[in-house]
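*Asks:* Could you have a look at this structure, given as structure tokens, before my questions?
The values are calculated or read from the model by the stated rules, or taken from the named source; none is laboratory data. Keep in mind that what you see is a predicted model, and the values were worked out from it rather than measured. With ideal geometry, Cβ positions are generated from the backbone for all residues, glycine too; neighbour counts draw on all protein chains shown.
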Amino acid sequence: MREVNLLIDDMKIVVPEGTTILEAALQNGLYIPHLCHHPDLKPVGICRLCLVEVDDRLMVSCHVTVAEGITVKTNTAQVAKARRVAAELLIADHDADCLTCGKNNNCKLQEIAAFVGVDRERVKELKAPGRRTFDHSHPFIVRDYNKCVLCGICVRTCDEIQGVGAIDYAYRGYETIVSTFADRPIKESSCESCGECLERCPVGALLPKNGALPAYEVRTICGYCGCGCGLYLGVRGDKIVRVRGDSASPVNQGSLCVKGRFGYQFINHPDRLTAPLIKRQGHFEEASWDEALDLVAGKFREVQKKYGLEALGGLSSARATNESNYLFQKLLRSLGTNSVDHCARL
């Protein structure tokens, strides 16, 4: 691909043809404020915060691709004024109770306000009273309409990445919100609970219901099926409190289904088995692994001795990996039986 030379704030930059000005700047360590941009989605230029001057003209940097020899300025007086007005209008219509927000210190709007510099008195004059509500209907996600900045990232994620289209813009003007069809609770919509919108929301409009932040993360593989999706488990104490996809995984590239992202509560469930159980005198009692395996092996031999080798059979699971299923059928065949089946065959 042909390379393009340009200047951004007097810095010489070389990027591939077709790169946007915003991408060129971010790839070279130059910060341009942006709210509606996400690398996984098509640019739309909604927030108007990524404005820059190109040859003395204001342009939306997430939409404009680089051209040979252009000069880009990101911090002129004209750019700063336009950004500040856009940021103040967003903040004026935003619930500013940041300390109780689950996105505090990880919020793109906070980042932008700190960089742009907003006038507190002007924001007070523009401030609108809270007029919207919460949507607690979803089992895993809380929607706070008062913190939504209408960036459209959730709408585009649901449409472009998931192909579901469960949400879209509704109403007009000042009353515009991101809504489900007929403005029903999200639980009653066509939402598949993948959580991809939650993962990309730049503010606190979409938050997980448990609200707990992990102390550290562990990289691992999802155990729900044989796909082998990569994920990070967010751990706090001895509990998993959050899950996010591993964008470096070639299998899922960061995406997760509802089970992979939200189905971790069983790990700390009080009814979960943590040791083998053997029934003695009509009651299950905990036993060691050696004791349990010896019992199973003995039952296998007993059945085969009485009814023949093919009396023993095995049924494997699609939730296991290919490697585990291979070893399972290898085990059964080593015991002299070919009666092996798998639920994914159906």
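*Asks:* For region 51-148, list the strands (runs of 3 or more DSSP E) that sit wholly inside it and hold at least 1 residues that are more than 30 Å from T180 (Cα to Cα) and touching a residue at least 12 places away in the same chain (Cβ under 8 Å); which are they? Full working, then the answer.
*Replies:* Working: elements: 51-54, 57-60, 71-73, 141-144.
So the answer is 51-54, 57-60, 71-73.
*Asks:* Are any residues in region 283-301 among the charged types (D, E, K, R) and either under 22 Å from R272 (Cβ atoms) or in contact with a strand residue (DSSP E or B) (Cβ under 9 Å, 6 or more places away or on another chain) (or both), and if so, which ones? Explain how you work it out, then say what you get.
*Replies:* Step one: filter region 283-301 for residues among the charged types (D, E, K, R), giving 285-286, 290-291, 294, 299, 301.
Of everything in region 283-301, those that are among the charged types (D, E, K, R) and either under 22 Å from R272 (Cβ atoms) or in contact with a strand residue (DSSP E or B) (Cβ under 9 Å, 6 or more places away or on another chain) (or both) turn out to be E285, E286, D290, E291.
*Asks:* Give the residue, chosen from I8, I21, that is touching a helix residue (DSSP H, G or I) at 6+ places or on another chain (Cβ under 7 Å), β-branched (V, I, T) and surrounded by 21 or more Cβ atoms within 10 Å (Cβ to Cβ).
*Replies:* Going through I8, I21 in turn, the sole match is I8.
*Asks:* Further question on the same structure: All but one of (1) part of a helix (DSSP H, G or I); (2) outside the structural domain of R236 (by TED's automatic domain parsing) hold for R261, so report the exception by its number.
*Replies:* All conditions pass for R261, except number (2).
*Asks:* Kindly evaluate A344 against the criterion of being small (G, A, S), closer than 30 Å to C257 by Cβ and in a helix (DSSP H, G or I). Write out each step before concluding.
*Replies:* Values: small (G, A, S): yes; closer than 30 Å to C257 by Cβ: yes; in a helix (DSSP H, G or I): yes.
The answer is yes for A344.
*Asks:* While we're on this one: Given the criteria in a helix (DSSP H, G or I) and out of contact with any His (no Cβ under 7 Å at 6 or more places or on another chain), does D290 qualify? Quick ask: steps written out before the conclusion?
*Replies:* Numbers: in a helix (DSSP H, G or I): yes; out of contact with any His (no Cβ under 7 Å at 6 or more places or on another chain): yes.
So D290 fits the description; yes.
*Asks:* Ok, one more. So is A205 closer than 28 Å to A92 by Cβ, surrounded by 15 or more Cβ atoms within 10 Å (Cβ to Cβ), in contact with a helix residue (DSSP H, G or I) (Cβ under 6 Å, 6 or more places away or on another chain) and of a type in the set (A, V, I, L, M) or not? Full working, then the answer.
*Replies:* Values: closer than 28 Å to A92 by Cβ: yes; surrounded by 15 or more Cβ atoms within 10 Å (Cβ to Cβ): yes; in contact with a helix residue (DSSP H, G or I) (Cβ under 6 Å, 6 or more places away or on another chain): yes; of a type in the set (A, V, I, L, M): yes.
Answer is yes for this residue.
*Asks:* Which condition breaks for V14 when tested against (1) assigned to a strand (DSSP E or B); (2) surrounded by 14 or more Cβ atoms within 10 Å (Cβ to Cβ)?
*Replies:* Condition (2) is where V14 drops out.
*Asks:* For region 218-265, enumerate the residues that are of a type in the set (K, R) and buried (at least 19 other Cβ atoms within 10 Å of the Cβ).
*Replies:* Quick first cut of region 218-265, residues of a type in the set (K, R) only: 219, 236, 239, 242, 244, 259, 261.
Listed by number, the residues that qualify are R242, R261.
*Asks:* Of all residues in region 35-50 being without any contact (Cβ under 8 Å) to a residue 60 or more places away in the chain and within 24 Å of the chain's Cα centre (by Cα), which is surrounded by the fewest Cβ atoms within 10 Å (Cβ to Cβ)? If you could, list the steps in order and put the result at the bottom.
*Replies:* First, pick out the residues of region 35-50 that are without any contact (Cβ under 8 Å) to a residue 60 or more places away in the chain: 37, 39, 43, 45, 48, 50.
Pick out the ones that are also within 24 Å of the chain's Cα centre (by Cα) and you get 37, 39, 43, 45, 50.
Working: H37: 27, P39: 9, P43: 21, G45: 18, C50: 28.
So, considering only residues that are without any contact (Cβ under 8 Å) to a residue 60 or more places away in the chain and within 24 Å of the chain's Cα centre (by Cα), the one surrounded by the fewest Cβ atoms within 10 Å (Cβ to Cβ) is P39.
*Asks:* Hey, any hits in region 189-207 for a residue that's more than 15 Å from the chain's Cα centre (by Cα) and over 24 Å from S247 (Cβ atoms)? Talk me through it step by step, then tell me what you get.
*Replies:* In the first step, residues of region 189-207 are kept if they are more than 15 Å from the chain's Cα centre (by Cα); the result is 189-190.
From what is left, the residues that are over 24 Å from S247 (Cβ atoms) are 189-190.
Yes, region 189-207 contains at least one residue that is more than 15 Å from the chain's Cα centre (by Cα) and over 24 Å from S247 (Cβ atoms).
*Asks:* A follow-up question, please. Working only within region 288-346, note down all residues that are at pLDDT below 90 and among the hydrophobic types (A, V, I, L, M, F, W, C).
*Replies:* Matches in region 288-346: A318, A320, C343, A344, L346.
*Asks:* Something else about it: May I ask you to list the residues in region 149-187 that are charged (D, E, K, R) and either part of a helix (DSSP H, G or I) or in the same structural domain as A92 (by TED's automatic domain parsing) (or both)? Break it down into steps so the answer makes sense when it comes.
*Replies:* Step one: list which residues in region 149-187 are charged (D, E, K, R), which gives 156, 159-160, 168, 172, 175, 183-184, 187.
Within region 149-187, R156, D159, E160, E175, D183, K187 meet the criteria.
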